[in-house]
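The values are calculated or read from the model by the stated rules, or taken from the named source; none is laboratory data. These numbers were taken from a predicted model, which means no experiment stands behind them. In this analysis, Cβ positions are derived from the backbone assuming ideal geometry, glycine residues included, and neighbour counts consider all displayed protein chains.
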Amino acid sequence: MTSSILFKSLPVSLLYCILLIPIPLYFYWGIVNQLGPDPLRFLEHKYGELGLIFLLITLSISPLFKYAKINLVRYRRCIGLVAFYYVVSHICVYFFLDIGLSIDILLSDLQKRYYIIAGFFAFITLIPLALTSNNFALRKLNIKTWNKIHSFVYIAIILSIFHFILMSKTWTGELYFYTGITILILILKIKSTKLYKKLSTYSNADISK
Amino acid sequence: MNRTTMMDKVVNIMGSYILKILKYSDVTPHNFYLNRRKFVEALGLASLAFVPTPTIAKQSYSTNAKPNTLEEITNYNNFYEFGTSKTDPAKYAKSLTTDPWEITFEGVSQNKKKFDLAEILKGKAIQERIYRLRCVEGWSMVIPWIGFPLRDLINELELNNNAKFVAFETVYRPTEMRGQKSATLDWPYREGLTIEEALHPLTFIATGLYGKELPNQNGAPFRLVVPWKYGFKSIKSITKISFMKEQPYTTWGSENPREYGFYSNVNPNVDHPRWSQATERVIGEGLFGERRKTELFNGYIEEVGDLYKGMDLKKYY
């Protein structure tokens, strides 16, 4: 059980540093041309993929606790915010480097391209979550309101996965992998909702009659 | 999209990972058909024999743009037969045996329909063509191919009278091409051209690049290069060429007919349904490189414009 001791002793601030290192590191590798023949696309996709991965990890924390008794709840805020920073970096690469600050291209992409629309709304959905991921907001807000805001994360993950699917040319192994994990997380979430429990008790009662 | 259920695909992929344990033999193809010295000789002879005539407007069909490095050309490939990542072909294409290599012709009236690659290459004047390859994904790179115009080969064949189209097929060899073990695309990869397009002097068969034999990840040993069309039309590792009356089946065209038309001419004014085709990323320009304005027919409007005269390019994309 050394790993769990390590987890318990790992300060959150250190975790922030470790998880965010790839952002400047990949950018540096991009500048010194170490990211292959197409560094821009590599950087853009890498930030996006890492954002998705950290978002999925954040969402796995509650099912992990519930079904596997692995308690990582104290790191959830940190990992969630890290996911947000990757999403911001991803969008910065798109806006500053890919389309070269062109508002025209941005607006036409937002009208015509479904994957950009999905990705854009995923980002918008994440903003209130990031803004309220601090103790100050927790104190100020009613816990019910706070929970409601943070349930937007499920909308964000669905939009993110659609963003990924819609931009892909074919179904690749990684696309199946991330879509599968997302579906699993969503199923577990639906099963834990009050509505689902209510409905299932009703249907069970029907059967027993 | 022709897709089976997701579960089927998941099972397929899991199966392919299990099959991955299979070990590939490391076959190095023999440099049997071309070496550097022969190539230089061929070029020398070609320049001696060159007589300018009024019908040849341009001395060369090559672009003046600086070619990408061999490193870039051989490590950034779309060749789904070896995996969907652009670095997969460089990693896994070694396993393809390119010698011996046979090419079968259909829709020809001659008795002999199967040829060894060496037979096809015998007597062909090898030349260099520096073409910009514009990928449908919105990037381009400049590649110094060597090979010969496809018309040189077609003119040697006895075609059936009704040949209106040419269909090409990539080798299907899942034991050597690991990507073919999963149903990413409807294998074997198939592409096609109209007979007029196939006979155009720009349409090229590449057997090498940078004066050397073609690396496997670039479509060894025998591939098509059609510089005014998006890259996926330039089919790699060809084993079958058929001449036919009807428009042939094309792999991407059947995967997604709305996105990948039969013609797929480079055209900045006709967007891919999911992204713009107005500009392209220039491979090799680094992280801060500027996008390049995409040209109609990839800059070959003078050469190929007549092929599409009066055609609605938005409809026949």
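Of all residues in segment A:177-196, exactly one satisfies the criterion of being among the hydroxyl-bearing types (S, T, Y), without any contact (Cβ under 8 Å) to a residue 24 or more places away in the chain, surrounded by fewer than 17 Cβ atoms within 10 Å (Cβ to Cβ) and in a helix (DSSP H, G or I), namely A:Y196.
Residue-by-condition table, conditions (1) touching a residue at least 24 places away in the same chain (Cβ under 8 Å); (2) surrounded by 14 or more Cβ atoms within 10 Å (Cβ to Cβ):
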position	(1), (2)
B:F105	yes, yes
B:S109	yes, no
B:K114	no, no
B:K122	no, no
B:M141	yes, yes
B:W145	yes, yes
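Any residue at all in segment A:112-128 that's under 21 Å from the mean Cα position of the chain (by Cα) and farther than 24 Å from A:I165 by Cα? The answer is yes; a qualifying residue exists.
Which numbered condition trips up A:I143, out of (1) in contact (Cβ under 8 Å) with a residue 60 or more places away in the chain; (2) over 20 Å from A:L55 (Cα atoms)? Here A:I143 meets the rest and fails (1). Residues that are in contact with a helix residue (DSSP H, G or I) (Cβ under 9 Å, 6 or more places away or on another chain), in contact (Cβ under 8 Å) with a residue 12 or more places away in the chain, surrounded by fewer than 19 Cβ atoms within 10 Å (Cβ to Cβ) and of a type outside the set (D, E, K, R) within segment B:285-306 comprise just one, B:L296. Candidates B:E191, B:E213, B:E196, B:E255: the one that is surrounded by fewer than 22 Cβ atoms within 10 Å (Cβ to Cβ) and either aliphatic (A, V, I, L, M) or within 26 Å of B:E156 (Cα to Cα) (or both) is B:E196. State whether one or more residues within segment A:152-169 are under 30 Å from B:S254 (Cβ atoms), at pLDDT 95 or above and touching an Asp or Glu at 6+ places or on another chain (Cβ under 9 Å). Yes, because at least one residue in segment A:152-169 is under 30 Å from B:S254 (Cβ atoms), at pLDDT 95 or above and touching an Asp or Glu at 6+ places or on another chain (Cβ under 9 Å). Filtered by the rule that a residue be facing chain B (nearest Cβ under 8 Å) and under 22 Å from B:F82 (Cβ atoms), segment A:169-183 gives A:K169, A:T170, A:W171, A:T172, A:G173, A:Y176. Selection within segment B:159-197: residues that are in contact with a Ser or Thr (Cβ under 8 Å, 6 or more places away or on another chain) and acidic (D, E). The member of this set that is farthest from B:K233 (Cα to Cα) is B:E176. B:K245 falls short on exactly one of the conditions (1) within 17 Å of B:Y172 (Cβ to Cβ); (2) more than 14 Å from chain A (Cβ to nearest Cβ); (3) of a type in the set (D, E, K, R); (4) touching a residue at least 24 places away in the same chain (Cβ under 8 Å), and that condition is (1). Checked against the criteria, A:T125 does not count as within 14 Å of chain B (Cβ to nearest Cβ), crowded, with 17+ Cβ neighbours inside 10 Å and of a type in the set (S, T, Y).
Within segment A:39-58, the presence of at least one residue that is within 14 Å of chain B (Cβ to nearest Cβ), more than 21 Å from the chain's Cα centre (by Cα) and either free of Cβ contacts under 8 Å to residues at least 60 places away in the same chain or over 30 Å from B:E285 (Cα atoms) (or both) is confirmed. Residue check: B:K236 meets all listed conditions (1) within 18 Å of the chain's Cα centre (by Cα); (2) part of a strand (DSSP E or B); (3) of a type outside the set (A, V, I, L, M, F, W, C) but one, namely (2).
How many residues are within 24 Å of B:S182 (Cα to Cα) and in a loop (DSSP other than H, G, I, E, B) when one looks only at segment B:61-97? Lay out the reasoning, then the answer.
Looking only at segment B:61-97, we keep the residues that are within 24 Å of B:S182 (Cα to Cα), and these are B:74-97.
Adding the requirement that they be in a loop (DSSP other than H, G, I, E, B) leaves B:74-79, B:83-87, B:96-97.
Within segment B:61-97, residues that are within 24 Å of B:S182 (Cα to Cα) and in a loop (DSSP other than H, G, I, E, B) number 13.
Checked against (1) modelled with pLDDT of 95 or more; (2) more than 21 Å from A:I183 (Cα to Cα), A:F7 passes all but condition (1). Quick one: in segment B:278-317, which of the residues that are among the acidic types (D, E), closer than 24 Å to B:F262 by Cβ and assigned to a loop (DSSP other than H, G, I, E, B) is modelled with the highest pLDDT? Selected residue: B:E295.
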